[in-house]
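Every number in this text was worked out from the coordinates using simple rules, so none of it is lab data. Since we're looking at a predicted model, the values are computed, not measured. Note: ideal-geometry Cβ built from the backbone for every residue, glycine included; neighbour counts use all protein chains shown.
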Amino acid sequence: MTNYHMSPEEFREHGHEIVDWVADYLMNVAEYPVNSTVEPGAIREALPPAAPARPEPFADVVRDLNEIIMPGITHWQSPNWFSYFPANNSGPSLLGEMVAAGLGVQGMLWSTSPAATELETVVVDWLVDMLGLPKAWKTTGPGGGVIQMSASDSAHVAMVTARELARQHTSLDRMVVYASDQTHSSVEKGARIAGFTHFRVIKTDEDYAMDPAAFTEQVAADRAEGLVPVFVTVTIGTTATSAVDPIRSIATVAKQEGMWVHVDAAYGGSAMVCPEQRHRQDGLELVDSYTFNPHKWMFTNFDCNLYYVADRKPLIDAMSILPPYLRNEATLSGKVIDYRDWHVPLGRRFRSLKLWFVLRHYGVEGIQHHIREHISLAQDLAARLADDARFEVVAPHPFALVVFRHTGGNEATRKLAAGLNATGRVSLSATTLGEMAAIRVSIGQTNTGAEHVNGLWALIDKLG
Ligand SMILES: *Cc1c(COP(=O)(O)O)cnc(C)c1O
């Protein structure tokens, strides 16, 4: 042996095997118990404590993948996946991911692979039109979009940008940031990382949407204390119930106060591909930043998160650093985008490729079709639950998440959730809203269809 590498011929052979493996997996995934039932530590115990000193045959790796790893897999790609939110994938996405890995480019700068940057610009601009976002957010305008790893990163970057702007007139210890009691935890984490010490939690109304009057009052109270409101997050599709905050009324107050308004549409953003959903994002032209996750509900495998700003200058001012080793003619010419200046990491994967594969495979109409189908399945399930005296739907369900309880109370609700998960045939999340136990049914795995939701309903009916 002259070297230890896998030759291109061997790669071709094993590559075909692995594509078959993944295709078989996705074809049969509905047959697996959805939640893994391994005990803590079981997978580690089954694996050797040290790396192999000598090369091992690829077949042995695949054997252990099947025998040791697979039992510890939770099947997010099962059509019976109703937990959390989806993290769905699709054939074109997986193939785009494979090409990105094969090209192996590190797209930190335009010059380190021009196509990686320019394709990203094209797809994020496409999405502006696809989702009915403000035209000013296109790269051709003052704003722009970028692909980041996660919505959490976007919240963090938005807060750092807002902090740097506010620093021009006030000190960090006087700045106040706002969220609702339903805002995702990543926002509080972002505030902590960005160094904010005043984090206000605004109460929500009976639909779990932020109460604009409570927000206005809190802002006034903070002003009266000599503090400076600088940042608010509004959500389109909260994690617990998919509630939609009143963007226009919150943003109107916030802009009068000179605050930065960030929209977290991590989940709900995908639904905006359907024009009939867009009234829920009314007021976006007032906001400063916006994030959504194609890696949740747009058939694009994790990770792929889009972050838009209405004005890219403060973002780039906050994130840009140019050490000598990154200097290059293209950057200095000012004619190109270097997306490393649009987030925290320097290194960048070629994430736009899988999103481009997805958008071209489905077309706008294909994505609309499947999102509408998921929404309609959720509405049907909500209607069945509402019609049955044993159950109560406890929150509005604008998208494809239905949250319900057993009318027998918290104990009965928890028992039902545990019973449903214990069947192994479905996975769903239990949650609490205030004091109330509830069950979340999130419909959005790529292949979830009426037969799967009917199957879930049959189980609920039987165990309820
Ligand atoms: C899932 C989710 C997040 C976190 O997304 P990541 O991309 O995993 O960081 C944030 N906000 C909301 C509303 C979410 O649903």
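Observations, loosely collected:
- Net charge of neighbours whose Cβ lies under 10 Å from the Cβ of Pro314, counting Lys and Arg as +1 and Asp and Glu as -1: -2
- Between the alpha-carbon centres of region 372-387 and region 395-452 there is a gap of 13 Å.
- Derived scalar couplings between HN and Hα for region 101-115 equal 5, x, 5, x, 7, 10, x, 5, 10, 3, 5, 7, 3, x, 5 Hz in order, rounded to whole Hz, by the Karplus curve 6.51 cos²θ - 1.76 cosθ + 1.60 (θ = phi - 60°), x for Gly and Pro.
- Kirkwood radius, the chain, all distinct C-alpha pairs, inverse of mean reciprocal distance: 24.0 Å.
- Computed [θ] at 222 nm, deg cm²/dmol, the chain (DSSP H ≥ 4; -39,500 (n - 2.57); rounded to nearest 500): -13000 deg cm²/dmol
- Cα gyration tensor category, rounded, prolate or oblate, for region 226-287 with a/c compared to 1.5: prolate
- Electrostatic tally near Asp222: other residues with Cβ closer than 12 Å to its Cβ, Lys and Arg +1, Asp and Glu -1, net 0.
- Taking a straight line from the alpha carbon of Lys296, these lysines sit under 25 Å away, with near neighbours fewer than eight places off in the same chain left out: Lys135, Lys138, Lys189, Lys354.
- Integer Hz, Karplus 6.51/-1.76/1.60 couplings in order for region 239-251, x for Gly and Pro: 5, 5, 10, 6, 5, 10, 6, x, 4, 4, 5, 5, 5
- DSSP beta bridge pairing in the chain, given as percent antiparallel to the nearest 5: 55 percent
- Size of charge dipole - region 10-52 - debye, nearest 20, with Cβ of Lys, Arg +1 and Asp, Glu -1, no other charges: 180 debye
- Region 105-349 has equivalent-ellipsoid semi-axes of 29, 22, 15 Å, by the square roots of 5 times the alpha carbon gyration tensor eigenvalues, sorted largest first.
- Separation between Cα centres of region 83-129 and region 330-361, rounded to whole Å: 8 Å
- Sorted largest first, the principal axis extents computed over the alpha-carbon atoms of region 1-150 equal 54, 48, 28 Å.
- Here r is the Cβ-Cβ distance between Glu67 and His16 and R0 is 22 Å; the resulting FRET efficiency, rounded to 0.05, is 0.55.
- In this structure the amide hydrogen of Arg200, modeled in the peptide plane, comes within under 5 Å of the amide hydrogens of Val177, Tyr178, Ala179, none closer than 5 places in sequence on its chain.
- Computed on the Cα trace of region 163-250, the radius of gyration divided by the Kirkwood hydrodynamic radius gives Rg/Rh = 0.97.
- Region 64-114 - Debye-derived log10 I(q)/I(0), Cα point model, q = 0.13, 0.22, 0.23, 0.26 Å⁻¹: -0.57, -0.94, -0.95, -1.00
- Once you reduce region 231-278 and region 130-177 to the center of their Cα atoms, the two points are 14 Å from each other.
- Top positive-direction residue, dipole computed over the chain with Cβ charges, set Gly41, Val402, Gly334: Gly334
- Size of region 341-400 as Cα extents on the principal axes (Å, biggest first): 55, 29, 13
- Extension reserve of the Asn3-Asn454 stretch, reckoned as 0.36 nm per residue once the Cα distance is removed: 156.9 nm
- Among residues other than Asn447 with Cβ under 14 Å from its Cβ, the summed charge is -3 (Lys and Arg +1, Asp and Glu -1).
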